[in-house]
1. log₁₀ I(q)/I(0) of the stretch 153-260 at q = 0.14 Å⁻¹, via Debye over equal Cα point scatterers, no solvent, to two decimals?
2. Calculate, in nm to one decimal, what Glu183 and Asp271 gain on full extension: separation in residues at 0.36 nm each, minus their alpha carbon distance.
3. With 27 Å as the cut-off, how large is the P(r) tail for the stretch 9-149, expressed as percent of Cα-Cα pairs?
4. Lysines near Lys310 by alpha-carbon distance under 25 Å, same-chain residues fewer than 8 away left out - which ones?
5. Working from the alpha-carbon coordinates of the stretch 68-153, get Rg over Rh, Rh being the Kirkwood radius.
6. Using only the C-alpha atoms of the stretch 402-552, find the volume of their convex hull and express it per residue in Å³.
7. First measure r as the distance between the Cβ atoms of Ala820 and Asp684, then evaluate 1/(1 + (r/R0)^6) with R0 = 25 Å and state the FRET efficiency to the nearest 0.05.
8. Translational diffusion coefficient of the stretch 707-757 at 4 °C, 1.567 mPa s, Stokes-Einstein with Kirkwood Rh over Cα pairs, in µm²/s as a whole number.
Amino acid sequence: MLPTPDAPVGGAWSSSHVPGVWTMQGTDDLPQYLNVRMPFPEFPPHSPAANPTGVYERAVDVPAEWAGRRIVLQVGAAESVLLVHVDGQPVGMSKDSHLAAEFDLTGRVRAGTRSVVRLTVVKWSDASHIEDQDQWWHGGITRSVLLYATDELHLSDVTVRASFDGSLRVDCRVRDTGGALPEGWYVSGELDGRLLTQDAEFDRFNREDERVSDFLGEARLTATVPDVRTWNAETPELYDLTVRLHRADGTAADTSRHRIGFRDVEITGRDLLVNGERVFIRGVNRHDFHPLTGRTVSYDDLRADLVTLKRFGFNAIRTSHYPGDPALYDLADELGFYVVDEADIESHDHAHEIADDPRYLNAFVDRVSRMVLRDRNHPSVIVWSLGNESDYGANHDAAAGWVRRHDPTRPVQYEGAAKLDWAATGDATDIACPMYASLEECVDHALSGRQTKPLIWCEYSHAMGNSNGTLADHWAAIESTPGLQGGFIWEFWDHGILQRVNDGRPVGRGGVGLYDNGVAAPGHRWAYGGDFGEALHDGAFIADGVVFPDRTPKPVMYEHREIAAPVRIECFRHEGIVLGNHQHFRGLAWLAGEWELSLADGRTLTAPAELPDLRPGETAAVPLPFTLPEDGGEAWLTLRVTTAADEPWAPRGTVLCVPQVRLREAVPQAPTASQNRSVEVDDDGLLVHPLLTSAPTLSLWRAPTDNDELGGMAPRWRDWGLDALVRKVTDVRRTPGRVTVQAEYACEAGVVRHAQVFTAVEGGVHVEESAELPEQLDDVARVGCVFETVAGLDLMEWYGQGPWESYPDRAFGAPVGHHAVPVDELFTPYLRPQESGGRHGVRHFTLSAPDATGLAVALDEPRQVGVSRYRAADLTAVAHHDELVPGAGCVVHIDAAHRGLGTASCGPDTFASYRVAPGVHRWSWTLRAL
Ligand code: GAL
Ligand code: MG
């Protein structure tokens, strides 16, 4: 018996946006971010007595023409418990915050009259313990509410199986809410205009089999489509299927429409195959998120998410950690994504107790089965996931058993089941889908001879802040190691909620236009854990996506785009450039190309590229498009690949990748000393230069990235005192045109000796530096120099990798070339300010004012360079972007060595080869006025 809630106490009704969470609509119950910990101390299945509850009431005029029809109320999603009353009478209840619930109101409402529908949404319940996903806690009705009517005789279910070989089977289930099924009903179908009729063999079997009751209401349509256009993520061919239910007289009682795709999924050995092809899974984990609505996403939002992913080379989505909005799957079918559909089960905080607790058994099977029943007709869904981070127990096996029996056409995965042994068999997972396992571990497993299942990380490469180091190294290994097939980056979104700084409230729906390019408008910021005054929270761990809260791509997206390049330069040989098609299903006809030759002396030559007609996996040599000029120094050839025509997800001309190859190496050139010029160095050994406001000194510190902080490096660097080196000059020696300075930089962990030799050269000064790091400083952030410039230099131009931010272990997607970016735009506004804006492999650069005055720096070899309006100390001192005050000049870092970014905030650190070793580091550079 359901309780009938009283009218709300203490005041009048107010209005609320539905769909929408109340936590973002002016109530005192605000969003709270927690990762693992539950927001209340009660043990499962208990919940706290103080329980935020939303009572939504609405009068509905039931259309007169619905007389005699079946009337259904659908609530798209409510978190976490939904109670339904109509005209004061209890109707039903439901749980699962991310699935729709339907209530048959036939007989409870009357056509042509007004009824009052009350939806009571209770925030905390036994279900909260299995919805403990790492995200904001909200409350409300997050997807649309719908009232609809059908004939009493209706199609209660349609299940489509469309296979790669063109065979089609449509199983229909027919019900009559009026009672027994009427005589003579039948179904028919239409597939892209082609008529489908009821399968007589199936009917005969049903008639003759005595186990089948007369009331079964089952019918089947079958067909074989010749020359079928098969579905895959590269060419997502869809067919329109209409299924009609007829009464005996031929009139249609019900119609159901589907967009279907012909494709097969299977696991053979340790390969996951789509249409027989071992496809690479270039995936991302995606939550339903929006910075203004919290959890409610519109069709347009979803489309924009998927379009963004497509443009950056992603082909797969894991719906972490619950079934996504239904439109997501339609869009994935249409645009082409492989979807791992995940059930709404995460009991993280009490995982061990719940996995085997029979009180939760039904909830596990209910949540998994309802997801499967909802989504099984989508070709995009290739794998069912039983949920996330819930240990492993009998409840999982029960759910896996149901799925395997009900839908044998798709594999099942569950990370927790494979955790103990990726090679085990007979458990609840068909895929070994680890989270954050190191590359080494995965490669070892693939080479061990023990591998029994495909290995696809369900989560890897944690995108918190300035991160995703070694992504290209991972993909080099995946593509060359049989048994490794890819993974899902954690995660798509930085879940920053747009917040007003003055009153700390979420802005909500009215905030359209209050952000741009990843940055919140003045007076606003992206809130993360703790910003709503939550006593319990997990801080910026919620800001760990490859896009900002407004969907602006972070630099890692360009890295990913290049890693996923459909066409690549394999090598440069005598006969020319060897190109390869790295897709699984498509030729190259949909792509266009342009060659670009970029010479160190500043020249860039272009020529149209004719892409060869290559099938997937094929390579061919094409002639070198340019005669390489004799002079010009280092030379790089780039193939700019774009869409040749409009794609549903990208207009013609959208850049998809920029593979490149070096045609000629640089010849090192030392600048010649200029005897009759002088260089000015003060008594403290500091360079004096009219364009510098602060002389180059040694830097071993960077504003810690989230990886540095959570991975434990930054705390160590602080203990060592790298953020507060004490400089002491020990020797200044002057000869004509040259000054040699020796200095010592002291910190807790020892003394670093730093030498600078300043030599006057034509138009400027040449600086040779060396720093000797004692053994104790065995893993620092950087070794290099930092100086500051006069104001007014607002454009950086360089020859090196770019144009976007790049670091030693995240530089694959930044091609070498001539780049120009305004100084203010070099910076990447990671939600929690940290080291950002670096450019890797810089050979030379200028910083100039609009009148073309400024400075030029030439480097001895490709170096990591950082130009910013902020000092590392400024970035380190604040928690949010809006607290930063940009300086007028530029802070310039030139690094002999810079530590890779890694992913240590959750997962492996960068590889040893990207760390900064102790010992002697040398670098040199030349500074000139423009
Ligand atoms: C995983 C988890 C995700 C998220 C991630 C860290 O363990 O499945 O939900 O918490 O770590 O950001
Ligand atoms: Mg978790």
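Bear in mind these aren't lab numbers, they're just calculated from the coordinates by the rules spelled out. All figures in this text were calculated on a predicted structure; none of them were measured in a lab. Note that we place each Cβ from the backbone using ideal geometry, even for glycine, and neighbour counts take in every protein chain shown.
1. Taking Cα atoms of the stretch 153-260 as identical point scatterers yields -0.57.
2. Taking 0.36 nm per residue and subtracting the Cα distance, the gain is 26.8 nm.
3. So the pairs more than 27 Å apart make up 25 percent of the total in the stretch 9-149.
4. Once the sequence-local lysines are set aside, what remains near Lys310 is Lys554.
5. The Rg/Rh ratio comes out at 1.03.
6. Output value, Cα hull per residue: 170 Å³.
7. The computed FRET efficiency comes out at 0.10.
8. So the translational diffusion coefficient is about 103 µm²/s.
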